């Protein structure tokens, strides 16, 4: 078991958001804070840690970054959510680590790349009989709808995460509003839009930990929309997820463990585990689902690199399962080490 850990992250600075004409610094969305928490947790569990940021927006910094993280007998704790300001480069960092033979936590580049594309994710999940909302990928405003799509619909950027591009205007009820929203997404984010069936039901997040026989789902968490304004769609938009000063943030509270019957909890966990394995996730991930009036569980997203800060959903679910934060973070590191050890043993057996 490696006790030296090098924590890497993309140092893109603090995000900003405009609320009621005021620019707000989103301190809670600052990955540097998460790095401090992960570093402290690992040290508390007896790990020898160091921190290496990927700074700036110039690809020329990669040479120095690689020199700083290369080393024997260490584990890279990969907290890179992007590179050079682009979330699409998240997978490239994991690919670099694999090219240099550096053992690291989290999912591999293929899983990270596929999961960032919501359309491809749905194609893969559907191929394994995992239900997802009906959808269409649009590269221009539509003139008509697919037969399987009916209003209301929700419109999102195809290749973004963290609810980027999703606000209260994302849910549309007419063709005119749909065309306008699709045009906005394409022009603003320079990528196609994905249009999905909007399920006005209960929303759950299920965290999953481990690999192979050690995979386990943590207690489901539910977003409580009880206090949400009736005039707005019940969605966890960017403002509700990150802007702590916003009324929407305060009125979309997570409840963990979710108040559901044992049979439903088992079904939620089963769907999450199947989605986790289908997408090739490693060590940890989060699966977001919605349950409509028909009772069907439909996967909204598989996030192979979720927020693991101390007050985020994954840590909340771990605590509900009796896993305090330092133990959660160390268990992720231990799962990664065990995974590499298993591969090494398998290679020896094949010789």
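The values are calculated or read from the model by the stated rules, or taken from the named source; none is laboratory data. None of these values were measured; they are calculated from a predicted model. Cβ atoms come from the backbone with ideal geometry, glycine included; neighbour counts cover every protein chain shown.
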(Q) Being in contact with a strand residue (DSSP E or B) (Cβ under 7 Å, 6 or more places away or on another chain) and free of Cβ contacts under 8 Å to residues at least 24 places away in the same chain is true for just one of 146, 173. Which residue is that? (A) 146
Q. Limited to the stretch 110-134, what total is found for residues that are on the phi > 0 side of the Ramachandran plot and within 15 Å of the chain's Cα centre (by Cα)?
A. 0
Q: Scan the strands (runs of 3 or more DSSP E) fully inside the stretch 21-135 and keep the ones with 2 or more residues being modelled with pLDDT of 95 or more and surrounded by 15 or more Cβ atoms within 10 Å (Cβ to Cβ).
A: 48-55, 75-78
Q | Number of positions in the stretch 233-255 that are part of a loop (DSSP other than H, G, I, E, B) and surrounded by 17 or more Cβ atoms within 10 Å (Cβ to Cβ) | A | 8
**Q.** Residue match in the stretch 188-206 (condition: surrounded by fewer than 16 Cβ atoms within 10 Å (Cβ to Cβ) and more than 20 Å from residue 287 (Cα to Cα))
**A.** yes
Q. Only one of 170, 193, 177 is in contact with a helix residue (DSSP H, G or I) (Cβ under 6 Å, 6 or more places away or on another chain) and either at pLDDT 95 or above or not assigned by TED's automatic domain parsing to the domain that holds residue 292 (or both); which?
A. 193
Q: Could you grab me the full set of residues in the stretch 258-277 that are surrounded by fewer than 16 Cβ atoms within 10 Å (Cβ to Cβ) and not in a helix (DSSP H, G or I)?
A: 259, 261
Q. Taking the stretch 211-229 on its own, how many of its residues are part of a strand (DSSP E or B) and closer than 30 Å to residue 341 by Cα?
A. 2
